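A.B. asks: Here it is, the structure in full.
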Amino acid sequence: MKFTIDWLKEHLDTDADLDTIVETLNRIGHEVASVENAGEKLADFRIAKVISAEKHPNADKLQLLKVDTGEGDPVQVVCGAPNARAGMVGVFAAPGMYVPGIDVTLGAAKIRDVESFGMMCSERELEISEEHDGVIDLPDDAPVGEKYAQWAGLDDPAIDIEVTPNRQDCMGVRGIARDLAAAGLGRQKTLVEAYEPAGAQPVDSTNGSNGQRIEVQPVEGEGEPSIEIRTDDPEGCPAFFGRTVAGITNGASPAWMQKRLRAIGQKPISALVDITNFVMIDLGRPLHVYDRKKLGEALFARRAEDGETLVALNGKSYRLTPEMTVIADENASHDIGGIMGGEETGVQDDTTDIVIECAWFDPARISRTGQQLGLMSDARVRFERGVDPAFLQDGITIATLLVQALCGGKPSATVKAGSPPVPEKSVAYDPQLCATLGGLSVPSDKQCATLEALGFTVRGEGPFAVTVPSWRRDIDGAPDLVEEVLRIEGLDAIPSVPLTRAEGVATPTASAEQKRERKVRRAAAARGLNEAVTWSFISEAEAAVSGDAPWVLANPISEDMKVMRTSMIPGLAAAAKRNRDLGASTVRLFEVGRRYLADGEHPTLGLILAGRNGARHWQDEDTGFDAFDAKAEAMALLAAAGAPTDKLQLFGDASGIYHPGRSGRLCLGPKNTLAEFGELHPATLKALDLDGPAMAAEIYLDAIPMPRASSHMRPAYAPPGQQSVTRDFAFLLDADAPAGDLLHAVKGSDKQLIVDARIFDVFTGEGVEDGKKSVAIEVTLQPIDKSFTEEELKAISDKVVKAAEKVGGELRD
């Protein structure tokens, strides 16, 4: 939700400065995301007057201007704007100034052999609007030499706040003003005071019992509208108010309204469209305006027909379903109800008669429709949170008053089809709950004043009977009222109280699984990997790379966060891309998190390696990571997690995320996969928008067997009583056969006496037949109570040879 300070002060009578407003917003629960001041980047631009304009001697479309900047002698400027002329007043940029719209710092220059000392600026060059057909043409009485931003009122800071989903009442400037007034930052103005500068008069108002509910007297109409208004979908659209206004003149909205909209990033379009956008931002009340001459005899809400299509105002065509609500006439649908209007019946510059629609739509229906269509709009954001159901008549009245003030015309009476679901909710509230639930003691009279300032009606002296205002659908019980009091008082005012602790040593509470995650996280960091924390939500396209069916969210934050991750790789790839884009030459990231599969959630450690493998050095080649680097990291982290790494088997059939032939699985048996590693497949890199090559690994922590319970006492060190013995064996093996299988077979041939085995040489070439390789293995034997005899050594050797033969190994002569 974005607004400017001047806009806020149309609803809030306050002398507070920007810093105080920002601090208060944060204190009462409205996180300030950013504060921008367009006037700061335009601070040095000045109003200047063109004294003379002559033709450029070397160019037909250029002019030589003599410009009075109000600072000494006139300066010469070469200008190509078609509207530049003698006597005009515009905006001047001197050499050395930065022009944001063209991203250029000016300097004195020669243009077609004629010197130019600055420029006259267009609105697009100052990023005020997209207008660039000519330079800015100011009124003749604009003061030459003064700063343009200050004179034009552009020095108005814009505040962008993150409105939480439960605070639908603060999706308008008026709601924010109400909260700030309750926090002691001034007085909330009545609607009459707020709209008086807009010329929307006369407006009669009466204060409600709590001094906050303002009822605007409906505009007196000329009679019934020239169109039938009704709702045929009472579930999706319980209330549909409408009226016609005839004889209007559409055109550009006034400067004050355009300024408000541009300051928050809205593009002014026309007076009628700008009015609906202004009321939506100002009061949190979305509206829509139709061209009456493009409609039939009736305008009504109904369910869409299956397969019905509609071209929206964004120019895109949408296929609708019966679960969606549309606004239609007897011929076709013209509006995706509560989300976006249709292109066909939108108002144009030549529109003379209009229909103003002010409706209340079911929030759940709006949310589902927006998700299915992948369509987001400012109206949807408000309707799916729930707009004030008691503000329909006031909303359509204010819109009508603005139309009359800016476009003229004669309104009809308002037709009210259906009735809005205005809640009548009362909560019993004991003021003592503020201390018992919130930890802060606040006097009862102060709590009462706070709640009344927020729009609640409070009756009684002991336990209060609190009536909830129609715009606060998030209030369900007394704890919610405690929250309201506390946030206005300030959460920082709650005293810090340490938890009581029992005497003695605390009992450990971490589970074995949690301890394993902590251990493997520390091990990864110790190996030089940087920990990343990424979203558990990813897009459907990112989830598709793993091939597993994802969990789809019923109400996703966005289309890019629609499903739960089925792999750690997409999030790590996105983090790696951000680091590479920021100039990191080496990326070594890991994350411990959860994968969400059909059978539940699975704790997993993922890692990714990209870029250079080490720092640059003149003696080292510029090498990157390979699959063996990923395997080494996986093996080390499996060991840290307590996996029996000496028993692991290597299989080459990793999942489709990885490059075949450059990846593998580490398993305890063919079915229990503990980890996957390797180079990411080119298709995976393309899907994740990551420049390759990149290596990755995933360690499935829940697949690692938990160690048997043991004593906390470390066993006494007992070195063997006999010297170990080593024997070397060389086997012929098929060239494409994995040497790891041979090593595993050799180590398992005598589990009692063979304590270690390792490959120390692999040879192909002279003396080894084609299609074969020679694998040399060093076997370490450990006698128990006496030295080996020759017969015992031969028996062990025979076991080794026999085990090797089972996996295709043949003892070399």
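A.B. asks: Output the pairs from Lys259/Lys446; Lys147/Lys577; Lys515/Lys631; Lys110/Lys147 with a Cα-Cα distance over 32 Å in this structure; if there are none, say none.
C.D. replies: Lys259/Lys446; Lys147/Lys577
A.B. asks: Only Cα pairs under 8 Å and at least 6 apart count here; give the relative contact order of region 1-93 as a rounded whole percent.
C.D. replies: 24 percent
A.B. asks: Keeping every protein chain in place, order Arg243, Arg595, Arg578 by accessible area at 1.4 Å, biggest value first, i.e. largest first.
C.D. replies: Result of the area sort, largest leading: Arg578, Arg595, Arg243.
A.B. asks: I would also like to ask the following. Let me check I've understood the local charge: for Gly153, count other residues with C-beta under 11 angstrom from its C-beta, Lys and Arg +1, Asp and Glu -1. What total comes out?
C.D. replies: Net local charge, Gly153 excluded: -1.
A.B. asks: Still on this model: Between Gln782, Gly438, Ala93, whose Cα lies farthest towards the positive end of the dipole of the chain when Lys and Arg beta carbons carry +1 and Asp and Glu beta carbons carry -1, centred on the Cα centre?
C.D. replies: Positive-most Cα among the choices belongs to Gln782.
A.B. asks: Can I ask one more? Return the loop-located trypsin sites (Lys or Arg not before Pro) in region 115-168 (DSSP other than H, G, I, E, B) with at most 11 other Cβ atoms within 10 Å of their own Cβ; answer none if there are none.
C.D. replies: none
A.B. asks: So what is the relative contact order of region 441-549, in percent, for Cα pairs below 8 Å that sit 6 or more residues apart?
C.D. replies: Worked out over region 441-549, it gives 13 percent.
A.B. asks: Another one. Are there GluC sites (Glu not before Pro) in region 371-475 that DSSP puts in a loop and that have at most 10 other Cβ atoms within 10 Å, and which ones?
C.D. replies: Answer in residue order: Glu424, Glu461.
A.B. asks: Please report how far the C-alpha centroid of region 1-80 lies from that of region 393-438, rounded to the nearest whole angstrom.
C.D. replies: When both Cα centres are located, 37 Å separates them.
A.B. asks: Name the lysines eligible as straight-distance cross-link partners of Lys773: C-alpha to C-alpha under 21 Å, and not fewer than 8 places from it in the same chain.
C.D. replies: Lys773 reaches Lys747, Lys802, Lys806.
A.B. asks: With every protein chain present, what is the per residue accessible area of the chain (1.4 Å probe, Å²)?
C.D. replies: 49 Å²
A.B. asks: Looking at region 566-659, which chymotrypsin sites (Phe, Trp or Tyr not before Pro) are DSSP coil and have at most 13 other C-beta atoms within 10 Å of their C-beta?
C.D. replies: Sites meeting the loop and neighbour criteria: Trp618.
A.B. asks: Hey, what's the per residue convex hull volume over the C-alpha atoms of the chain, in cubic angstrom?
C.D. replies: Hull volume over Cα atoms, normalised by residue count, gives 274 Å³.
A.B. asks: From the residues Val807, Gln348, Ala239, which one has its Cα farthest along the dipole of the chain in the positive direction, the dipole being from +1 and -1 charges on Cβ of Lys/Arg and Asp/Glu about the Cα centre?
C.D. replies: Val807
A.B. asks: Ok, one more. Report, in whole Å, the centroid distance computed from the Cα atoms of region 223-286 and region 750-793.
C.D. replies: After rounding, the separation between the Cα centres reads 86 Å.
A.B. asks: While we're on this one: With +1 on the Cβ of every Lys and Arg and -1 on the Cβ of every Asp and Glu, and nothing else charged, how large is the dipole of the chain about its Cα centre, in debye rounded to the nearest 20?
C.D. replies: 2060 debye
A.B. asks: Roughly what % antiparallel, to the nearest 5, for the DSSP beta bridges in the chain?
C.D. replies: 95 percent
A.B. asks: Expressed as a rounded percentage, what relative contact order does the chain have, with Cα pairs under 8 Å and six or more residues apart?
C.D. replies: This gives 8 percent for the chain.
A.B. asks: Let me ask something else about it. Using a 1.4 angstrom probe on heavy atoms only, work out the carbon and sulfur share of the accessible area of the chain in %.
C.D. replies: The computed percentage sits at 49.
A.B. asks: So, one more: For a test of the definition: using alpha carbon positions, the gyration tensor, and the 1.5 limit on a/c, classify region 538-668 as rounded, prolate or oblate.
C.D. replies: Oblate, since a/c reaches 1.5 and b/c is not below a/b.
A.B. asks: For region 453-521, with only Lys/Arg (+1) and Asp/Glu (-1) charged at the beta-carbon, what is the dipole magnitude about the Cα centre, in debye rounded to 20?
C.D. replies: The calculation lands at about 560 debye.
A.B. asks: A further question on this structure: Rounded, prolate or oblate for region 408-531? Axes are the square roots of the Cα gyration tensor eigenvalues, ordered a ≥ b ≥ c, and the cut-off for rounded is a/c under 1.5.
C.D. replies: Oblate is the answer for region 408-531, as a/c is 1.5 or above yet b/c matches or exceeds a/b.
A.B. asks: Within the set of other residues whose C-beta is less than 15 Å from the C-beta of Pro556, count the net charge using Lys and Arg as +1 and Asp and Glu as -1.
C.D. replies: Computed value for this residue: -1.
The values are calculated or read from the model by the stated rules, or taken from the named source; none is laboratory data. All figures in this text were calculated on a predicted structure; none of them were measured in a lab. Ideal geometry is used to build each Cβ from the backbone, glycine not excepted, and the neighbour counts take in all protein chains shown. Just so you know, the surface numbers come from the protein's heavy atoms only, side chains and all, with ligands and any DNA or RNA stripped out. Shrake-Rupley method; radii C 1.70, N 1.55, O 1.52, S 1.80 Å.
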